[in-house]
Amino acid sequence: SRSVLWLLKKLHLLGINYGIILILFAFLIRIITGPLTKKSFESTQNMQKIQPKLKKIQEKYKNDSQRLNKEMVALYKDTGVNPLGGCLPMIIQMPLLFSLFVVFRSTIEFRGAPFFGWINNLSQPDTIFNLSFSIPLYGNQVAFLPFLLGISMFMTQRLSMATMDKAQRPMMYIMNGFFVLLFNQFPSGLNLYYTVYNILNFFQQRTIRLQNEGA
């Protein structure tokens with residue numbers, strides 16, 4: 001959090017709006033994590049390709065856990081697939097999200113810091129109207145950026161769901177809706193950063209997919 005805050009404050013000293021700084025920061029992180037994202041996306045695609053073989057093994061050795069594990073490891077080794085390869089960008093991204101959450105919640109420089117329009121306080125949710133009742137987990141205000149975040153996540157998920165088992169798709173939709181609910185009460189600065197990051201992630205994954213299809 002201190003490192004992130006130091007960088008954001010240094011950029012602000014140049015006269016750049018904090019909202020613009022967060023967008024630039026999202027571009028910077030995408031450049032850093034880009035190679036890992038490419039490897040992760042390709043690993044996820046390869047994992048989905050071997051799902052039919054994996055299911056056959058699971059069905060064949062469902063009563064023999066030791067043989068099942070051995071055959072699954074052999075399959076991963078023969079196909080060069082890493083079942084944990086798709087988690088790499090998230091492992092790097094989560095500490096950044098937590099640090100940004102701490103920065104916007106506790107740093108006085110961001111209290112009341114505006115971006116544009118209705119986003120007049122980057123340390124608070126970008127509320128567009130309030131409800132007369134409170135929804136568990138969601139709260140009693142309606143913010144706009146979480147919906148953009150949900151759309152960006154859905155766009156990215158659709159790329160990976162194209163070859164995914166249909167039985168797994170509902171869980172992806174549920175997770176997407178959960179993030180919209182959860183991020184509704186998060187600082188607008190954090191939602192702005194994560195939305196831009198996901199949009200960039202979508203375009204990178206779509207480019208990778210088009211390149212793979214062309215090859």
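The values are calculated or read from the model by the stated rules, or taken from the named source; none is laboratory data. Because the structure is predicted, anything quoted here is derived from the model rather than measured. Methodologically, a virtual Cβ is constructed for each residue, glycine included, from the backbone with ideal geometry; neighbour enumeration extends over all protein chains shown. Note: areas computed on protein heavy atoms with side chains; ligands, DNA, RNA excluded. Shrake-Rupley method; radii C 1.70, N 1.55, O 1.52, S 1.80 Å.
Descriptive notes on the structure:
- Taking 30 Å as the straight-line reach from the Cα of Lys77, the lysines in range (excluding those fewer than 8 positions away in the same chain) are Lys38, Lys39, Lys49, Lys53, Lys55, Lys56, Lys60, Lys62, Lys166.
- In a fully extended conformation the segment linking Asn120 and Asp78 would gain 9.7 nm over its present Cα-Cα distance, using 0.36 nm per residue.
- Tilt relative to the chain, helix 51-60 - C-alpha long axis, 0 to 90 degrees, to 10: 50 degrees
- Accessible surface for Tyr173 stands near 110 Å², nearest 10, in the context of the full protein assembly shown (1.4 Å probe).
- Two-decimal log10 I(q)/I(0) for the chain, as the Debye equation yields it once each C-alpha is a single scatterer, q = 0.11, 0.15, 0.16, 0.18 Å⁻¹: -0.65, -1.01, -1.10, -1.27
- Accessible surface of the stretch 1-142, 1.4 Å probe: 62 percent of it comes from carbon and sulfur atoms.
- Unit Cα scatterers, Debye sum, the stretch 10-137: log10 I(q)/I(0) for q = 0.09 Å⁻¹: -0.51
- 0 to 90° range, to nearest 10: angle between helix 169-183 axis and the chain longest Cα axis: 20 degrees
- For the peptides 128-141, 30-43, residues were scored by their other Cβ atoms within 10 Å and the scores averaged per peptide; the highest-first order is 30-43, 128-141.
- The C-alpha atoms of the chain define a longest principal axis, and helix 65-79 lies at about 80 degrees to it.
- Residues whose placed amide H lies under 5 Å from that of Leu122, excluding near-sequence neighbours: Gly112, Ala113
- The HN-Hα couplings worked out from phi for the stretch 128-142 by the Karplus form 6.51 cos²θ - 1.76 cosθ + 1.60 (θ = phi - 60°) are 9, 6, 10, 8, 7, 9, 10, 9, x, 6, 7, x, 10, 10, 10 Hz, whole numbers, x standing for Gly and Pro.
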